[in-house]
Every structure is written in C-alpha cells, then in structure tokens.
Amino acid sequence: GAVVSQHPSRVICKSGTSVKIECRSLDFQATTMFWYRQFPKQSLMLMATSNEGSKATYEQGVEKDKFLINHASLTLSTLTVTSAHPEDSSFYICSASDQTYNSPLHFGNGTRLTVT
Amino acid sequence: EDQVTQSPEALRLQEGESSSLNCSYTVSGLRGLFWYRQDPGKGPEFLFTLYSAGEEKEKERLKATLTKKESFLHITAPKPEDSATYLCAFDGGATNKLIFGTGTLLAVQP
C-alpha cells in the first residue's frame, strides 16, 4: 500500500527559530498533499493543501507567512514553521493520496514539535 | 455548515464485549465517509471508505455501515490491541480533502 514518510518524528526548538518538516510519498507520486495539526486529545485540523508546482491553499485562520509550504516535487512537500513560539507546539501530520480512483488518504506518522 | 460528530467521546469495553461507535454527519453532497484508526503519537491508519447509504465493509473484528445521516463502526469481540482512537471523516469537496470528527477513544481491557 501507499506509504507516506514524515521527518523528523520529534523536534525541540527555541522560540524564534524556524523548523522544517518533510513529507515524502515513498512509492507513489502525489500532486497534492495535506498538512494537519493536532492538539492533545483533539482531532486533526486541516491547515493547508500543498500543490505541486504552485502555491499552497491555506485554511481560514492559518497564517501562510508563519507556516510556509513548499511542494517542489511529486514526492516531497515541506512545512516550515517560522519564528516558532510555544503556542506552535503541536503534532503536525501530513497526508497524501496516489489519486487513483477511490484511493484513500494515507498519513505520515506525524512530527511532535515542542517550542521552548 | 458541513460537519461530522462522533459519539461517544470515550468508550471502555471488556475484552469480548461488542459495541458500536457513531459518526453523525450533515454534509451536502457527501462524496465519501472515511474511518481511520489512530494510535498515540502516530498518524491515522486508513480503515474504510463508504460512499452510499446501505454500504457495509468489514475488516477482521470491525464493520462499518452507512446511512443517509450516520455511520457506525461495529466492533465485535474486541481485543486489547483494538484500543485506539477511531476517527471518521468526510470528503470536504476538494480532491481528498478530509474533514475529521473529534474521534472516539476506545479502551479494551483484558
């Protein structure tokens, strides 16, 4: 089945620094990937849709200048949390589909970001 | 506004005690209802997709059903390894853009 790899799994950074999270589709090409955020004991909240070769589409209330998304190839999307603050601490998860008919979204294993 | 609501928020079962989880939705033009399992600290794992009322799908001890207003995830004779958060989601209109419910935290005790 389709595999989505996310790296790193955990990262701790200081306030004011930037952190980059990578999401790769290992055995398929993904023109679209999705970035979600999950707070403890809450569900997944869609942040943005990452489109290969074009600008990402952000959900209402998500700051595009804080959460930079780059989808430079059909197998890689990156999320950069810029000038991170403690309130950005969360579990970030990416997902992708091989977009064959009726194929489901497959998720990476997430990145636990802690900003101190 | 399109939305999906899951109940109960948490469920504790004894091993072998069957039960059902509910996912109620109000979505105009549903294009797919999805069930995922999420273990702590992990990303969601795909279980089922349902597209039309009356559809059912099974996988081991799990069976998902769909009506025009809700979906159920039936768990038959659960085992401790079935303990996880179960999430339902609907297709938000754009290609594979999923909108998730709040989940049901299932704990199965031996």
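The values are calculated or read from the model by the stated rules, or taken from the named source; none is laboratory data. Owing to the predicted nature of the structure, the values given are computational and were not obtained by experimental measurement. Quick reminder, even Gly has a Cβ in these numbers, built from the backbone with ideal geometry, and neighbours come from all protein chains shown. What goes into the accessible areas is simple: the full protein's heavy atoms, side chains included, and nothing from ligands, DNA or RNA. Shrake-Rupley method; radii C 1.70, N 1.55, O 1.52, S 1.80 Å.
Among (1) farther than 21 Å from A:Val115 by Cα; (2) among the hydroxyl-bearing types (Ser, Thr, Tyr); (3) more than 14 Å from chain B (Cβ to nearest Cβ), there is one condition A:Thr80 misses while meeting the rest; what is its number?
So the condition that A:Thr80 fails would be (1).
Residue by residue, here is whether (1) in contact (Cβ under 8 Å) with a residue 12 or more places away in the chain; (2) among the aliphatic types (A, V, I, L, M) holds:
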residue: B:Glu9; (1), (2): yes, no
residue: B:Gly16; (1), (2): yes, no
residue: B:Ser52; (1), (2): yes, no
residue: B:Glu56; (1), (2): no, no
residue: B:Leu62; (1), (2): yes, yes
residue: B:His74; (1), (2): yes, no
residue: B:Lys79; (1), (2): yes, no
residue: B:Asp82; (1), (2): yes, no
residue: B:Gly103; (1), (2): yes, no
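Restricting to region A:90-116, name every residue that is open to solvent by 20 Å² or more (accessible area, probe 1.4 Å), touching a Lys or Arg at 6+ places or on another chain (Cβ under 7 Å) and either outside any loop (DSSP other than H, G, I, E, B) or at the interface with chain B (Cβ under 8 Å from one of its Cβ atoms) (or both).
Result: A:Asn109, A:Arg112.
Would you list the strands (runs of 3 or more DSSP E) that sit entirely within region A:5-61 and hold 2 or more residues that are open to solvent by less than 20 Å² (accessible area, probe 1.4 Å) and not small (Gly, Ala, Ser)? Quick ask: steps written out before the conclusion?
On the way: elements: A:10-13, A:19-25, A:32-38, A:44-51.
Qualifying strands (runs of 3 or more DSSP E): A:19-25, A:32-38, A:44-51.
Please verify whether region B:68-87 includes one or more residues that are facing chain A (nearest Cβ under 10 Å), crowded, with 18+ Cβ neighbours inside 10 Å, within 27 Å of A:Ser9 (Cβ to Cβ) and modelled with pLDDT of 90 or more. Explain how you work it out, then say what you get.
Taking region B:68-87 as the starting set, the residues that turn out to be facing chain A (nearest Cβ under 10 Å) are B:85, B:87.
Restricting the remaining residues to those that are crowded, with 18+ Cβ neighbours inside 10 Å gives B:85, B:87.
So of that shortlist, the ones also within 27 Å of A:Ser9 (Cβ to Cβ) come out as B:85, B:87.
Next, from what is left, pick out any that are modelled with pLDDT of 90 or more: B:85, B:87.
Yes: region B:68-87 contains one or more residues that are facing chain A (nearest Cβ under 10 Å), crowded, with 18+ Cβ neighbours inside 10 Å, within 27 Å of A:Ser9 (Cβ to Cβ) and modelled with pLDDT of 90 or more.
Which one of A:Val11, A:Val3 is modelled with pLDDT of 95 or more and either of a type in the set (Val, Ile, Thr) or under 16 Å from B:Ala89 (Cβ atoms) (or both)? Talk me through it step by step, then tell me what you get.
Working: A:Val3 fails: modelled with pLDDT of 95 or more.
After applying the criteria, what remains is A:Val11.
Here's a check for you: in region A:62-79, which residue that is of a type in the set (Gly, Ala, Ser) and open to solvent by less than 70 Å² (accessible area, probe 1.4 Å) is nearest to A:Val4 (Cα to Cα)?
Ranking the qualifying residues of region A:62-79, first place goes to A:Ser77.
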